[in-house]
Amino acid sequence: MTELRQRGATEKELQHQSSEDKGSETEGRSEREGASDNEAKSDSGIPEVPVSADDTPEVLNKALSGLSSRWKNWWVRGILTLAMISFFFFIIYLGPMVLMMIVLCVQIKCFHEIITIGYSVYHSYDLPWFRTLSWYFLLCVNYFFYGETVTDYFFALVQREDSLRILSKYHRFISFALYLTGFCMFVLSLVKKHYRLQFYMFGWTHVTLLIVVTQSHLIIHNLFEGMIWFIVPISCVICNDIMAYMFGFFFGRTPLIKLSPKKTWEGFIGGFFATVVFGILLSYVMAGYRCFVCPVEFNNDSNRFTVDCEPSELFQLQDYSLPSVLHSVTGWTTVKLYPFQIHSIALSAFASIMGPFGGFFASGFKRAFKIKDFANTIPGHGGIMDRFDCQYLMATFVNVYIASFIRGPNPTKVIQQLLALRPDQQLHIFNSLKAHLTEKGLLPALEAAA
């Protein structure tokens, strides 16, 4: 009996333990399922931008219907690339003012594409005032940058008009006041349940402004230095993009970077050499025309932009001695080149080596948000931002390059600023300059020559 009681107690304990084990297993399973559900929810919560439909023109679809998707994409990209290059030449023909307007339009479109991705990613359509504030900040930043440009390059016109002179004098204060208004509107629009989301989009907007608006402002500054500083860098980036694609399409075997699987070492290297040669040849052709090499300036007498000057030494042919290796091959001892062609090697090398990293950055951005293109504006190419991802990086380099190695003091701007001073200030500067020249021994020589 005692053994039976012990055996029964043991069986009850085993049953109790087994029930506990089953309970723990059930709890563990429910926890795992809950965790997997949470993971699924978190994964499903990762926002994805809707994939845009193929908007290739119906004419091209019918004409290329018999080709494979690879060759169809090649022809579509090629045809539309030629169309864009033709449009680029057309706006160059229309002059610098039209180019500046095109840059502004491209900037607005790029801003729209990136901000639209932000709206889709963070589901911010319901956020109060956010669409309005995004475009308001774009307006404020453009007012600041274009106001700085007008004050710098239209100084004579600004000083001649009283209203413009007042706006120029208080331009930075007005710009700050406009931004501060938008900042206060953002703070007042904060909603308790959307705090984090609203600050995400606030940061998104400002980073977009930094990338797009600042770089487009630098492009316009490069344009004012001479159209050659605008055309050659942009053309080098376009050439590298085309030639890297061609070399990669026909000869590509070795992947270059995981962020962009279609990029190959063959395309990268082939695009580099082709772009350097293209930059040297294009610079040689353009350096001989004043309309390309002269700075874009505002003529106070005619109230219009003028592109006419005596070309600097940078755009005058000079003799360069060839190294002995090249001399033995070509038989030439010297060669005539424009000094700008030497600089074009630096520009084309940057466009080929560092420029693609702008594209890689854009590829990483698109992969982060699971999209193929920024938009579907240009069939076979994506959005406008897909075509200008390398151009913005190039614009910064050109602006820094000009400031570091090319640009010197501008006497015209110095005189314009002196003429804007009061008569007593002008007289003080005149006496100081006269004393300085006399001390240097230059003023008597000038008087004797006169």
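Given (1) in contact with a helix residue (DSSP H, G or I) (Cβ under 9 Å, 6 or more places away or on another chain); (2) surrounded by fewer than 21 Cβ atoms within 10 Å (Cβ to Cβ); (3) assigned to a helix (DSSP H, G or I), where does TYR195 come up short, assuming only one miss? It fails just one condition, (1). Taking SER168, is it open to solvent by less than 40 Å² (accessible area, probe 1.4 Å) and within 13 Å of GLY147 (Cβ to Cβ)? Yes. A Cβ distance below 7 Å, combined with a sequence gap of six or more or placement on separate chains, defines the contacts here; from the range 67-96, residues that are of a type in the set (Phe, Trp, Tyr) reach residues that are open to solvent by less than 30 Å² (accessible area, probe 1.4 Å) in the pairs TRP74/PHE249; TRP75/LEU64. Please verify whether the range 74-87 includes one or more residues that are in a helix (DSSP H, G or I), farther than 27 Å from CYS236 by Cβ and open to solvent by less than 20 Å² (accessible area, probe 1.4 Å). Looking for residues that are in a helix (DSSP H, G or I), farther than 27 Å from CYS236 by Cβ and open to solvent by less than 20 Å² (accessible area, probe 1.4 Å), one finds none in the range 74-87, hence no.
In the range 315-333, the residues that are in contact (Cβ under 8 Å) with a residue 12 or more places away in the chain reach residues that are of a type in the set (Gly, Ala, Ser) and outside any loop (DSSP other than H, G, I, E, B) with C-beta atoms within less than 9 angstrom, at least six apart or across chains, in these pairs: THR333/SER321. Go through the range 274-304 and give me each residue that's more than 23 Å from the chain's Cα centre (by Cα) and in a loop (DSSP other than H, G, I, E, B). The answer is ALA287, GLY288, TYR289, CYS294, ASN300, ASP301, SER302, ASN303. One residue alone among LEU419, LEU437 is open to solvent by less than 60 Å² (accessible area, probe 1.4 Å) and either hydrophobic (A, V, I, L, M, F, W, C) or touching a strand residue (DSSP E or B) at 6+ places or on another chain (Cβ under 7 Å) (or both), and that residue is LEU437.
Listed residues LYS336, LYS370, LYS366; which is surrounded by fewer than 17 Cβ atoms within 10 Å (Cβ to Cβ), out of contact with any strand residue (DSSP E or B) (no Cβ under 7 Å at 6 or more places or on another chain) and among the basic types (Lys, Arg)? Write out each step before concluding.
On the way: LYS336 fails: out of contact with any strand residue (DSSP E or B) (no Cβ under 7 Å at 6 or more places or on another chain); LYS366 fails: surrounded by fewer than 17 Cβ atoms within 10 Å (Cβ to Cβ).
Just one listed residue meets the conditions, LYS370.
When the range 171-224 is filtered for residues that are at pLDDT 95 or above and of a type in the set (Ser, Thr, Tyr), the ones remaining, listed by number, are SER175, TYR179, THR181. Exactly one residue among TYR136, TYR153 is touching a residue at least 12 places away in the same chain (Cβ under 8 Å) and open to solvent by 50 Å² or more (accessible area, probe 1.4 Å), and that residue is TYR136.
Quick check on ARG422: is it in contact (Cβ under 8 Å) with a residue 24 or more places away in the chain and of a type in the set (Lys, Arg)? No, not satisfied.
Scanning the range 378-416 for residues that are open to solvent by 50 Å² or more (accessible area, probe 1.4 Å), in a loop (DSSP other than H, G, I, E, B) and touching an Asp or Glu at 6+ places or on another chain (Cβ under 8 Å) turns up just one, ARG407. Limited to the range 323-365, what total is found for residues that are within 36 Å of the chain's Cα centre (by Cα), assigned to a helix (DSSP H, G or I) and among the aliphatic types (A, V, I, L, M)? Residues that pass the stated criteria total 8.
Taking the criterion of being buried (at least 19 other Cβ atoms within 10 Å of the Cβ) and touching a residue at least 24 places away in the same chain (Cβ under 8 Å), the residues of the range 107-120 that qualify are GLN107, CYS110, PHE111, GLU113, ILE114, ILE115, ILE117, GLY118.
Just to check your reading of the model, which residue among LEU197, LEU133, LEU167, LEU157 is in contact with a Gly (Cβ under 8 Å, 6 or more places away or on another chain) and over 30 Å from MET394 (Cα atoms)? Break it down stepwise before answering.
Values: LEU197 fails: in contact with a Gly (Cβ under 8 Å, 6 or more places away or on another chain); LEU133 fails: over 30 Å from MET394 (Cα atoms); LEU157 fails: in contact with a Gly (Cβ under 8 Å, 6 or more places away or on another chain).
Exactly one of LEU197, LEU133, LEU167, LEU157 is in contact with a Gly (Cβ under 8 Å, 6 or more places away or on another chain) and over 30 Å from MET394 (Cα atoms), namely LEU167.
The set of residues in the range 229-240 being over 13 Å from ILE92 (Cβ atoms) and surrounded by fewer than 24 Cβ atoms within 10 Å (Cβ to Cβ) consists of CYS239 alone.
Considering the range 351-363, the residues that are without any contact (Cβ under 8 Å) to a residue 60 or more places away in the chain and open to solvent by 30 Å² or more (accessible area, probe 1.4 Å) include one that is farthest from MET227 (Cα to Cα), namely PHE361.
In the range 275-322, how many residues are of a type in the set (Val, Ile, Thr), open to solvent by 70 Å² or more (accessible area, probe 1.4 Å) and over 22 Å from LEU99 (Cα atoms)? Looking only at that region, the number is 1. Considering every residue within the range 304-315, establish whether at least one is modelled with pLDDT under 90, under 30 Å from ASP152 (Cα atoms) and in contact with a strand residue (DSSP E or B) (Cβ under 7 Å, 6 or more places away or on another chain). The answer is yes, given that some residue of the range 304-315 is modelled with pLDDT under 90, under 30 Å from ASP152 (Cα atoms) and in contact with a strand residue (DSSP E or B) (Cβ under 7 Å, 6 or more places away or on another chain).
The values are calculated or read from the model by the stated rules, or taken from the named source; none is laboratory data. These figures come from a predicted structure and were not determined experimentally. Don't worry about glycine lacking a Cβ; one is built from the backbone with ideal geometry, like all the others, and counts go over all protein chains shown. Side chains are part of the model used for accessible areas, which takes the heavy atoms of the whole protein and leaves out ligands, DNA and RNA. Shrake-Rupley method; radii C 1.70, N 1.55, O 1.52, S 1.80 Å.
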